[in-house]
Amino acid sequence: MNEAAQTPLSASAEAPRPVSRHAVTFVLITVFLVYMVMACQYDRGLKTTLTPIVSKLSDMRIVNGELENLVFGPRKELITMAALVVLNIPLLRFINADWYDVLMHSIPGQIVLAICAGAIFISFAFVVKLTQPIEYRR
């Protein structure tokens with residue numbers, strides 16, 4: 001029997017990304033804290049529990065903001081680098097028209113442009129893959 005027919009996943013298919021314990025714990029704590037805030041609306045005796053909950057939620061908001069900056073940093077860097085690569089081409093025309101003509105109208109220059117475009121697309125695919133949010137699955 002063929003080995004490719006026996007494997008349930010093809011070689012190009014990716015396994016689902018595992019969810020870390022920290023992400024699951026974060027979700028569970030958030031759900032519990034929101035439930036306690038809702039309980040404080042109906043029972044005024046729980047008013048003393050409200051202050052630690054609010055401080056915990058504000059701490060979680062600060063940590064979430066820092067993590068968001070860490071996640072979106074590579075995207076910003078990719079956009080900056082891609083813009084620099086693409087905007088150098090028209091800038092080259094103003095600096096030296098002969099170099100621009102060689103780059104745009106010769107086979108080696110077009111190969112260089114194709115390599116640059118391919119590198120931008122491959123980099124974009126990797127950055128999107130690495131910075132996508134983790135999905136929680138049960």
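Note down all Cβ pairs under 6 Å where the first residue falls in region 30-52 and is part of a helix (DSSP H, G or I), the second is of a type in the set (Gly, Ala, Ser), and they're at least six residues apart or on different chains.
As it stands, the answer is LEU46/ALA39, since those pairs meet every condition given.
Given the conditions (1) open to solvent by 60 Å² or more (accessible area, probe 1.4 Å); (2) modelled with pLDDT of 75 or more; (3) not hydrophobic (A, V, I, L, M, F, W, C), and given that LYS56 satisfies all but one, which numbered condition is not satisfied?
Here LYS56 meets the rest and fails (2).
Restricting attention to region 86-103, which residues are open to solvent by less than 60 Å² (accessible area, probe 1.4 Å) and of a type in the set (A, V, I, L, M, F, W, C)?
ILE89, LEU92, ALA97, LEU103
Residues of region 28-53 being over 30 Å from VAL127 (Cβ atoms), among the hydroxyl-bearing types (Ser, Thr, Tyr) and open to solvent by less than 60 Å² (accessible area, probe 1.4 Å), which ones?
If the condition is that a residue be over 30 Å from VAL127 (Cβ atoms), among the hydroxyl-bearing types (Ser, Thr, Tyr) and open to solvent by less than 60 Å² (accessible area, probe 1.4 Å), then THR49 is the only one that fits.
Cβ contacts < 6 Å: first residue within 14 Å of ALA119 (Cβ to Cβ), restricted to region 64-89; second residue assigned to a helix (DSSP H, G or I) and not hydroxyl-bearing (Ser, Thr, Tyr), any location; separation 6+ or different chain. Result?
Short answer, once both residue conditions are applied: LEU78/VAL127; ALA82/ILE120; VAL85/CYS116.
Mind checking which residues of region 59-84 are open to solvent by 60 Å² or more (accessible area, probe 1.4 Å), modelled with pLDDT of 85 or more, of a type in the set (A, V, I, L, M) and farther than 18 Å from LYS129 by Cβ?
Correct list: LEU84 only.
The values are calculated or read from the model by the stated rules, or taken from the named source; none is laboratory data. Because the structure is predicted, anything quoted here is derived from the model rather than measured. All Cβ positions, glycine included, derive from the backbone under ideal geometry; neighbour counts span all protein chains shown. Ligands, DNA and RNA are stripped out before the accessible areas are found, and what is left, the full protein with its side chains, is counted by its heavy atoms. Shrake-Rupley method; radii C 1.70, N 1.55, O 1.52, S 1.80 Å.
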